[in-house]
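Here the structure comes first, spelled out in C-alpha coordinates, and everything after it is commentary.
The values are calculated or read from the model by the stated rules, or taken from the named source; none is laboratory data. Not measured: the values here are computed from a predicted model. All Cβ positions, even for glycine, are placed from backbone atoms using ideal geometry, and neighbour counts span all protein chains on display. Ligands, DNA and RNA are excluded from the accessible area calculation, which covers all protein heavy atoms including side chains. Shrake-Rupley method; radii C 1.70, N 1.55, O 1.52, S 1.80 Å.
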Amino acid sequence: MKTKHKPKKIFIYFIIFLICGCSIQNKKEEPKKQETVQKDEEKNFVEPYVDDNPIELGLYVNQNGTRTLISSYDSDLTLYTDIISLEVYYTKDTTLISGSQKNIWQEYYQKYSNIDTYKIGYHIHFKASDLEVDKTILNPSNVESFFDYIQIYLYDDIHQDSNWYDHISQDEVTEETRFTSIKLTASTKIEEITSPITITAFTYDSDDFNDEGTYRGKSSYQVIINRK
(Lines give C-alpha, C1' and ligand atoms only; values in the text may rest on other atoms or scores of the structure.)
Protein backbone atom coordinates (compact mmCIF):
# COMPACT_ATOMS: atom_id res chain seq x y z
CA MET A 1 0.00 0.00 0.00
CA LYS A 2 2.85 2.39 0.76
CA THR A 3 4.40 1.93 -2.62
CA LYS A 4 1.35 3.40 -4.27
CA HIS A 5 2.24 6.87 -2.88
CA LYS A 6 5.81 6.98 -4.24
CA PRO A 7 4.91 8.52 -7.62
CA LYS A 8 3.05 11.32 -5.83
CA LYS A 9 6.10 12.03 -3.63
CA ILE A 10 8.40 11.96 -6.61
CA PHE A 11 6.12 14.43 -8.40
CA ILE A 12 6.13 16.76 -5.39
CA TYR A 13 9.95 16.59 -5.18
CA PHE A 14 10.12 17.36 -8.88
CA ILE A 15 7.91 20.46 -8.47
CA ILE A 16 10.00 21.64 -5.52
CA PHE A 17 13.16 21.11 -7.59
CA LEU A 18 11.76 23.18 -10.45
CA ILE A 19 10.73 26.02 -8.13
CA CYS A 20 14.11 26.08 -6.42
CA GLY A 21 15.88 25.87 -9.76
CA CYS A 22 13.93 28.83 -11.16
CA SER A 23 14.64 30.85 -8.03
CA ILE A 24 18.35 30.12 -8.29
CA GLN A 25 18.29 30.97 -11.99
CA ASN A 26 16.49 34.24 -11.33
CA LYS A 27 19.03 35.10 -8.67
CA LYS A 28 21.83 34.36 -11.12
CA GLU A 29 20.24 36.57 -13.77
CA GLU A 30 19.74 39.52 -11.43
CA PRO A 31 23.34 40.81 -11.63
CA LYS A 32 23.07 40.80 -15.44
CA LYS A 33 20.01 43.05 -15.23
CA GLN A 34 21.81 45.40 -12.87
CA GLU A 35 24.82 45.43 -15.18
CA THR A 36 22.60 46.31 -18.15
CA VAL A 37 20.96 49.17 -16.24
CA GLN A 38 24.38 50.47 -15.21
CA LYS A 39 25.63 50.39 -18.81
CA ASP A 40 22.50 52.22 -19.99
CA GLU A 41 23.05 54.88 -17.34
CA GLU A 42 26.68 55.27 -18.41
CA LYS A 43 25.61 55.49 -22.04
CA ASN A 44 23.04 58.23 -21.32
CA PHE A 45 25.33 60.22 -19.00
CA VAL A 46 26.04 63.73 -20.26
CA GLU A 47 29.04 65.60 -18.93
CA PRO A 48 27.77 68.78 -17.22
CA TYR A 49 28.69 71.97 -19.10
CA VAL A 50 31.31 74.13 -17.41
CA ASP A 51 32.50 77.35 -19.01
CA ASP A 52 36.19 77.82 -18.22
CA ASN A 53 36.59 80.71 -20.65
CA PRO A 54 38.72 83.35 -18.88
CA ILE A 55 38.17 86.15 -21.42
CA GLU A 56 36.58 89.41 -20.30
CA LEU A 57 35.51 91.62 -23.18
CA GLY A 58 33.82 94.92 -23.91
CA LEU A 59 32.42 96.88 -26.87
CA TYR A 60 33.95 100.28 -27.61
CA VAL A 61 33.32 103.26 -29.84
CA ASN A 62 36.26 105.14 -31.30
CA GLN A 63 35.71 108.90 -31.12
CA ASN A 64 38.68 110.92 -32.35
CA GLY A 65 41.14 108.28 -31.22
CA THR A 66 39.58 107.78 -27.79
CA ARG A 67 38.02 104.38 -27.32
CA THR A 68 35.21 104.35 -24.77
CA LEU A 69 33.29 101.42 -23.33
CA ILE A 70 29.54 101.85 -23.91
CA SER A 71 26.42 99.95 -22.90
CA SER A 72 23.85 102.05 -24.80
CA TYR A 73 23.82 104.33 -27.82
CA ASP A 74 21.25 106.67 -29.40
CA SER A 75 20.91 106.91 -33.18
CA ASP A 76 18.62 108.59 -35.70
CA LEU A 77 18.58 105.34 -37.71
CA THR A 78 18.76 107.29 -40.96
CA LEU A 79 18.36 105.34 -44.19
CA TYR A 80 21.67 104.15 -45.75
CA THR A 81 23.67 105.80 -42.97
CA ASP A 82 26.06 104.01 -40.64
CA ILE A 83 24.41 103.50 -37.25
CA ILE A 84 27.49 102.57 -35.25
CA SER A 85 30.85 100.82 -35.44
CA LEU A 86 31.82 98.79 -32.38
CA GLU A 87 35.26 97.42 -31.58
CA VAL A 88 35.89 94.37 -29.38
CA TYR A 89 38.74 94.28 -26.88
CA TYR A 90 39.51 91.73 -24.18
CA THR A 91 38.90 94.11 -21.30
CA LYS A 92 36.19 96.16 -19.63
CA ASP A 93 38.32 99.21 -18.91
CA THR A 94 36.27 102.40 -19.25
CA THR A 95 38.72 103.99 -21.68
CA LEU A 96 41.61 102.38 -23.51
CA ILE A 97 45.23 103.20 -24.11
CA SER A 98 45.89 105.29 -27.21
CA GLY A 99 47.31 103.81 -30.38
CA SER A 100 46.29 101.80 -33.42
CA GLN A 101 43.49 99.30 -33.15
CA LYS A 102 45.87 96.45 -33.91
CA ASN A 103 48.34 97.47 -31.19
CA ILE A 104 45.63 98.06 -28.60
CA TRP A 105 44.15 94.65 -29.34
CA GLN A 106 47.53 93.01 -28.83
CA GLU A 107 48.07 94.87 -25.55
CA TYR A 108 44.99 93.29 -23.96
CA TYR A 109 45.19 89.97 -25.80
CA GLN A 110 48.64 89.16 -24.42
CA LYS A 111 47.38 89.41 -20.84
CA TYR A 112 45.77 86.00 -21.37
CA SER A 113 47.30 82.63 -22.18
CA ASN A 114 45.98 79.62 -24.09
CA ILE A 115 43.01 81.44 -25.64
CA ASP A 116 43.75 80.91 -29.34
CA THR A 117 40.88 78.43 -29.67
CA TYR A 118 38.34 81.11 -28.78
CA LYS A 119 36.65 83.04 -31.58
CA ILE A 120 34.44 86.14 -31.54
CA GLY A 121 30.75 85.99 -32.39
CA TYR A 122 27.79 88.36 -32.15
CA HIS A 123 24.08 88.22 -31.50
CA ILE A 124 21.49 90.72 -32.72
CA HIS A 125 17.92 91.18 -31.58
CA PHE A 126 15.24 93.61 -32.70
CA LYS A 127 11.56 93.70 -33.59
CA ALA A 128 10.02 95.08 -36.75
CA SER A 129 6.45 95.51 -37.92
CA ASP A 130 6.39 92.12 -39.64
CA LEU A 131 9.03 90.01 -37.86
CA GLU A 132 11.35 89.56 -34.90
CA VAL A 133 15.07 89.03 -35.50
CA ASP A 134 16.92 86.95 -32.91
CA LYS A 135 20.09 85.87 -34.68
CA THR A 136 23.53 84.55 -33.76
CA ILE A 137 26.28 85.78 -36.08
CA LEU A 138 29.35 83.59 -36.42
CA ASN A 139 30.09 84.31 -40.08
CA PRO A 140 29.26 86.98 -42.69
CA SER A 141 26.62 84.71 -44.26
CA ASN A 142 24.57 84.82 -41.04
CA VAL A 143 23.48 88.43 -41.65
CA GLU A 144 21.69 87.96 -44.96
CA SER A 145 18.20 87.16 -43.63
CA PHE A 146 17.67 90.66 -42.16
CA PHE A 147 19.84 92.69 -44.57
CA ASP A 148 16.85 94.80 -45.70
CA TYR A 149 16.51 96.16 -42.15
CA ILE A 150 20.10 96.42 -40.93
CA GLN A 151 23.24 95.82 -42.94
CA ILE A 152 25.99 94.26 -40.83
CA TYR A 153 29.67 94.18 -41.77
CA LEU A 154 32.33 92.22 -39.88
CA TYR A 155 36.01 93.17 -39.79
CA ASP A 156 39.21 91.40 -38.83
CA ASP A 157 41.34 94.33 -37.70
CA ILE A 158 44.28 92.36 -36.36
CA HIS A 159 45.32 90.43 -39.47
CA GLN A 160 45.85 93.48 -41.67
CA ASP A 161 49.02 94.88 -43.20
CA SER A 162 47.70 98.34 -44.08
CA ASN A 163 45.43 101.02 -42.65
CA TRP A 164 42.86 100.55 -45.42
CA TYR A 165 40.93 97.30 -45.68
CA ASP A 166 37.41 96.09 -46.32
CA HIS A 167 34.97 93.99 -44.34
CA ILE A 168 35.36 90.22 -44.38
CA SER A 169 33.37 88.25 -46.96
CA GLN A 170 32.36 84.63 -46.39
CA ASP A 171 34.98 83.23 -48.78
CA GLU A 172 37.75 85.07 -46.90
CA VAL A 173 37.04 83.47 -43.52
CA THR A 174 39.76 81.16 -42.17
CA GLU A 175 40.49 79.49 -38.82
CA GLU A 176 42.63 82.48 -37.91
CA THR A 177 39.92 85.07 -38.65
CA ARG A 178 38.74 87.08 -35.64
CA PHE A 179 35.79 89.45 -36.05
CA THR A 180 37.20 92.21 -33.88
CA SER A 181 34.73 94.87 -34.99
CA ILE A 182 31.21 95.15 -36.35
CA LYS A 183 29.47 97.94 -38.26
CA LEU A 184 25.70 98.45 -38.49
CA THR A 185 24.17 100.42 -41.38
CA ALA A 186 20.51 101.39 -41.74
CA SER A 187 18.90 99.60 -44.70
CA THR A 188 15.73 99.99 -46.77
CA LYS A 189 13.29 98.88 -44.04
CA ILE A 190 14.93 100.70 -41.15
CA GLU A 191 11.74 102.68 -40.44
CA GLU A 192 9.87 99.44 -39.77
CA ILE A 193 12.01 98.60 -36.74
CA THR A 194 9.87 99.07 -33.62
CA SER A 195 12.24 98.15 -30.77
CA PRO A 196 15.75 98.91 -29.55
CA ILE A 197 18.51 97.01 -31.35
CA THR A 198 20.55 94.79 -29.05
CA ILE A 199 24.06 93.78 -30.06
CA THR A 200 25.95 91.23 -27.96
CA ALA A 201 29.56 90.27 -28.56
CA PHE A 202 30.89 87.02 -27.12
CA THR A 203 33.89 84.70 -27.27
CA TYR A 204 33.32 81.01 -27.76
CA ASP A 205 34.78 77.61 -28.48
CA SER A 206 33.15 74.39 -29.68
CA ASP A 207 31.05 73.53 -26.59
CA ASP A 208 29.63 76.99 -25.82
CA PHE A 209 26.29 76.41 -27.57
CA ASN A 210 23.33 74.35 -26.40
CA ASP A 211 21.31 71.94 -28.57
CA GLU A 212 19.27 74.85 -29.94
CA GLY A 213 22.43 76.69 -31.02
CA THR A 214 22.12 79.38 -28.33
CA TYR A 215 25.28 80.72 -26.75
CA ARG A 216 25.47 79.66 -23.09
CA GLY A 217 28.88 80.96 -22.06
CA LYS A 218 29.80 83.76 -19.68
CA SER A 219 32.21 85.75 -21.88
CA SER A 220 29.88 88.35 -23.41
CA TYR A 221 29.07 92.05 -23.50
CA GLN A 222 25.91 93.84 -24.68
CA VAL A 223 25.10 97.23 -26.19
CA ILE A 224 21.55 98.54 -26.68
CA ILE A 225 20.93 100.94 -29.56
CA ASN A 226 17.91 103.21 -29.17
CA ARG A 227 16.19 105.33 -31.79
CA LYS A 228 16.41 109.04 -31.00
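For the range 93-228, the ratio of Cα radius of gyration to the globular rule of thumb 2.2 N^0.38 Å stands at 1.12. Annotation: amide H of Ser195 within the under-5 Å range of Lys127, sequence separation 5 or more or interchain, hydrogens built in the peptide plane. For the range 195-206, the Karplus equation 6.51 cos²θ - 1.76 cosθ + 1.60, evaluated at θ = phi - 60°, returns couplings of 9, x, 9, 9, 10, 10, 9, 8, 10, 8, 10, 5 Hz by residue, with Gly and Pro reported as x. Each residue of the range 78-89 was assigned a 3J(HN,Hα) from its phi angle through the Karplus expression (A = 6.51, B = -1.76, C = 1.60, θ = phi - 60°), giving 8, 3, 6, 10, 4, 7, 6, 10, 10, 10, 9, 9 Hz with x at Gly and Pro.
Close amide H pairs (under 5 Å, H built 1.01 Å from N) link Ser219 with Thr203, residues at least 5 positions away or on another chain. Asp93 exposes around 70 Å² of accessible area when a 1.4 Å probe is run over every protein chain in place. Among Arg227, Arg178, the order of accessible area from largest down is Arg227, Arg178, computed with a 1.4 Å probe on protein heavy atoms.
So for each of 59-69, 191-201 I average, over its residues, the number of other beta carbons within 10 Å; can you give me the resulting order with the highest mean first?
Working: 59-69: 14.8, 191-201: 17.6.
The packing order, highest mean first, is 191-201, 59-69.
Once backbone amide H atoms are built at 1.01 Å from N, Ile70 has Leu59, Val61 as its partners under 5 Å, excluding neighbours fewer than 5 places away on the same chain.
Among the chymotrypsin sites (Phe, Trp or Tyr not before Pro) in the range 107-195, which ones are in a DSSP loop with at most 10 other Cβ atoms within 10 Å of the Cβ? Mind listing them? Numbers along the way, then the final one.
Numbers: sites: Tyr108, Tyr109, Tyr112, Tyr118, Tyr122, Phe126, Phe146, Phe147, Tyr149, Tyr153, Tyr155, Trp164, Tyr165, Phe179; in loops: Tyr112, Tyr118, Phe147, Tyr149, Trp164, Tyr165, Phe179.
Here the sparse-neighbourhood loop sites are Trp164.
Looking at the range 68-155, the trypsin sites (Lys or Arg not before Pro) that sit in a DSSP loop and have at most 13 other Cβ atoms within 10 Å of their own Cβ are Lys92, Lys111.
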